[in-house]
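These notes are about the structure you will find just below.
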Amino acid sequence: MVEKTFTITDPAGMHARPASALVGSLSKFQSDITMEFKDKKVNLKSILGVMSLGVPSGSTVQIAADGADEAEAMETIERVLNEQGISNE
Amino acid sequence: MNRISGIAASNGIAIAKAFRLENPELTVDKKNVADTQAEIQRFGQAVNESIAELEVIKKRTAEEISDKEAAIFGAHLLVLEDPELIGPITDKINNDNVNAEFALHETSTMFVDMFEAMDNEYMKERAADVRDVTKRVLAHLLGVKIQNPSMITDEVVVIAEDLTPSDTVQLNPKYIKGFITDIGGRTSHSAILARTLEIPAVVGAKSAMGSIDNGTIVIIDGLEGEILLNPDEATLVEYKEKQTAFAGQKAEWAKLKNEATVTKDGVEVELGANIGTPKDLTGVIENGGEAIGLYRTEFLYMGRDEFPTEQEQFDAYSAVLKGMEGKPTVVRTLDIGGDKELSYLKLPKELNPFLGLRAIRLCLEMPDMFRTQLRALLRASVHGNLKIMFPMIATLDEFREAKALLLEEKAKLEAEGVEVSDSIEVGIMVEIPSTAVMADTFAKEVDFFSIGTNDLIQYTMAADRMNESVSYLYQPYNPAILRLVKTVIDASHKEGKWTGMCGEMAGDEIAIPILLGLGLDEFSMSASSILKARSQLSRLSKADMEGHTEHILGLATSQEVEDYVKNL
């Protein structure tokens with residue numbers, strides 16, 4: 001399993017556009033991918049799950065990928081978060 | 001000819017045939033199914049049909065309207081592919097032997113309830129998305145056809161019970177000349193979009209679906225909130241003239257967008273906008289705002305469960321200052337309390353919240369919270385022309401205390417090596433009569449005044465503005481108010497300072513000539529009123545209005561003032 005912490009820097013937090021881009025980029029992976037915020041863990045392949053967290057700007061989230069293609073999945077996550085300008089780590 | 005009245009939601013006149021956007025009744029019954037595999041397959045089929053349909057609508061919306069409006073369908077598509085939605089539905093069919101309609105309804109209701117329970121407008125809209133998607137799949141399961149507005153290719157006015165977000169983004173102004181809904185208000189999603197698309201709309205019409213047939217000729221008067229059915233020839237002519245006049249006026253206003261605000265006798269005044277979030281900047285720029293006269297920072301604090309951090313505030317303030325490109329930007333420090341509460345800030349219940357611990361009083365009571373905001377503002381100051389304004393100042397001591405905190409934070413930041421602008425003006429809102437009366441003393445210490453008329457009227461007339469039984473006392477033209485306004489403006493000018501106004505009154509057609517005569521320097525209003533005000537001011541002479549001032553201030557009642565100005 002690979003795990004990483006990200007800080008959400010977009011002033012609007014994790015809103016629909018970046019969340020859609022992120023979720024949309026992950027459906028092709030076999031691994032289980034989760035995001036945890038304030039002790040709540042959701043499936044990162046689920047747009048409803050991600051939106052239900054309501055992650056505001058400035059907060060940190062833990063993302064974990066577990067499975068055969070976990071490394072590749074984490075790379076994609078980092079890239080998309082960067083491209084969308086919502087996290088710069 | 002029939003007439004229906006509703007709420008005017010978007011300006012303009014539309015004349016076209018009615019197109020009823022039917023919202024079929026989709027009732028869900030619980031049934032037992034024996035062959036769950038076939039039922040799951042039937043559900044998958046309906047989802048796939050919905051996906052195909054959404055792909056078409058998305059493409060069409062992107063081509064005909066914009067990518068931005070099409071994005072909502074991208075989100076809908078993701079919802080349809082969401083394992084957390086689809087998984088539980090198929091599990092339910094499998095384990096409970098129920099029909100797909102019931103399993104879908106149960107599962108999506110859970111998500112809708114969850115989003116609706118969130119204390120955040122944005123999340124509440126996500127509930128509408130889930131409902132929208134569910135309706136589409138349900139219609140396919142039940143074999144009911146849903147009409148899609150993007151498929152309309154005739155000039156029509158759309159009549160509907162209500163418009164879903166996915167309906168509204170498909171409204172192509174080329175064909176949809178206007179719309180009428182039976183429910184909704186001025187701030188509902190569809191009303192806001194109508195104003196963006198600049199198509200006339202009447203909402204809250206209650207009986208439109210019940211009384212308008214397909215093909216009926218309909219006139220929508222979005223200025224008055226009136227709907228006329230089957231108009232006679234004379235009425236048609238009258239409304240066509242009104243339509244031309246409106247188009248002419250709009251063209252005239254558009255020409256004024258990049259112009260300065262100059263009166264007939266060549267005096268320049270400043271027209272600013274009131275905003276609540278950085279998102280409102282677009283409207284300010286589109287309407288030719290010369291300044292931001294009031295940035296209400298409390299919205300940053302609302303709809304969340306903890307205080308915004310210094311960084312979050314810095315980001316928001318910087319975005320606004322950068323967006324204004326050096327134009328004056330008046331930021332009001334936190335104005336919470338009274339009718340505005342924060343869920344995470346538990347304040348004791350007060351008998352008279354409007355006379356209680358609110359705005360600057362609360363900030364001085366909670367200096368740590370206040371200091372965070374001041375630091376964020378000071379750090380952002382290098383990105384534009386920042387002016388800081390304290391709300392609800394009643395005494396000079398309060399102003400001095402607030403300003404001292406500001407200077408302390410500035411010194412601290414500078415010691416930390418952070419760059420802070422040296423030309424930040426520091427002013428106050430004038431909304432309490434004691435401050436208006438003492439304006440000459442205040443003017444020696446503050447850099448500017450901004451008159452907040454809603455509260456100034458409420459406190460001067462001793463009339464709770466939330467209480468409908470005393471709403472007749474909300475009298476902006478009452479000579480008592482006008483005399484206070486004059487006291488404030490004169491006091492500021494005597495010290496070489498300036499006075500603005502950021503209440504409803506600053507954009508009011510009757511008030512504008514009076515305020516011009518009184519010497520108001522800056523008028524701040526909702527962005528959509530700016531061009532109209534600029535047009536009105538270009539036809540007024542300041543010298544003329546100054547000549548009327550003494551007479552107006554000597555009138556006895558609000559009504560007398562109104563009548564006098566109307567007959568000028």
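Data for the structure
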| read-out | value |
| --- | --- |
| Normalised per residue, the volume of the convex hull around the Cα set of the range B:228-324 (Å³) | 145 Å³ |
| Rg over Rh [alpha-carbon atoms, Kirkwood Rh] for the range B:249-298 | 1.04 |
| Antiparallel bridge percentage (DSSP; both residues within the protein assembly as shown; nearest 5) | 45 percent |
| Label-point gap, in nm, between B:LEU407 and B:ASP91 - each point 7 angstrom along Cα→Cβ | 6.4 nm |
| In degrees, nearest ten, helix B:396-415 long axis to first principal axis of chain B (Cα) | 70 degrees |
| Nearest-0.05 FRET efficiency for B:TYR472 and B:ASP67, computed from C-beta distance (R0 41 Å) | 0.25 |
| Zone residues, the range A:1-39, relative to B:GLU125, backbone N less than 15 Å from point 7 Å out along Cα-to-Cβ | A:12-20 |
| Convex hull of Cα atoms in the range B:79-165, direction-averaged projection (nm²) | 7.3 nm² |
| Order of B:ILE180, B:ILE199 - criterion: other Cβ atoms within 10 Å of each residue's Cβ, fewest first | B:ILE199, B:ILE180 |
| Cβ charges +1 (Lys, Arg) and -1 (Asp, Glu), total dipole of the range B:377-443, debye | 100 debye |
| Stretchable slack from B:GLU53 to B:GLU495, in nm (0.36 nm times residue separation minus alpha-carbon distance) | 152.4 nm |
| Alpha-carbon centroid distance for the pair the range B:359-380 / the range B:1-78, whole angstrom | 46 Å |
| For the range B:488-554 versus the range B:243-292, the gap between their alpha-carbon centres in whole angstrom | 15 Å |
| Three-way shape label, the range B:435-568, alpha-carbon gyration tensor, a/c 1.5 | rounded |
| Kirkwood-based Rg to Rh ratio, the range B:316-394, C-alpha trace | 1.04 |
| Segment B:VAL437-B:ASP397, extension gain: residue separation times 0.36 nm, minus the distance between their alpha carbons | 12.9 nm |
| FRET E, pair B:ASN2, A:LYS41, Förster distance 60 Å, beta-carbon r, rounded to 0.05 | 0.55 |
| Crossing angle, helix B:310-323 versus chain B [Cα axis fit, 0-90 degrees, rounded to tens] | 80 degrees |
| Cα pair distances exceeding 17 angstrom across the range A:1-82, given as percent | 37 percent |
| Efficiency of FRET between B:LEU347 and A:MET1 - r from beta-carbon atoms, R0 51 angstrom, step 0.05 | 0.65 |
| When the range B:191-278 is reduced to its Cα atoms, the Kirkwood hydrodynamic radius in Å | 16.5 Å |
| Degrees, to the nearest 10: B:479-494 long Cα axis against longest axis of chain B | 60 degrees |
| Dimensionless Rg over Rh [the protein assembly as shown; C-alpha; Kirkwood] | 1.00 |
| Listed peptides B:498-508, B:375-385, B:355-365 by packing density, highest first (mean Cβ within 10 Å) | B:498-508, B:375-385, B:355-365 |
| Within the range B:45-77, backbone nitrogen closer than 18 Å to the virtual label 7 Å beyond the Cα of B:GLN147 toward Cβ | B:57 |
| Inverse mean reciprocal Cα-Cα distance (Kirkwood Rh) of chain B, Å | 26.8 Å |
| Contour excess over end-to-end distance, with Cα ends at B:THR282 and B:THR244 and 0.36 nm allotted per residue | 10.9 nm |
| Hull-based mean projected area of the range B:387-497, where the convex hull spans the alpha carbons, in square nanometres | 7.8 nm² |
| Rg and Dmax of the range B:319-457, Cα atoms only, in Å | 15.3, 46 |
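Every number here is computed from the coordinates shown, using simple stated rules; none is lab data. Remember, it's a predicted structure, so these values are computed and weren't measured experimentally. Here Cβ is always computed from backbone atoms with ideal geometry, including for glycine, and neighbour counts include all displayed protein chains.
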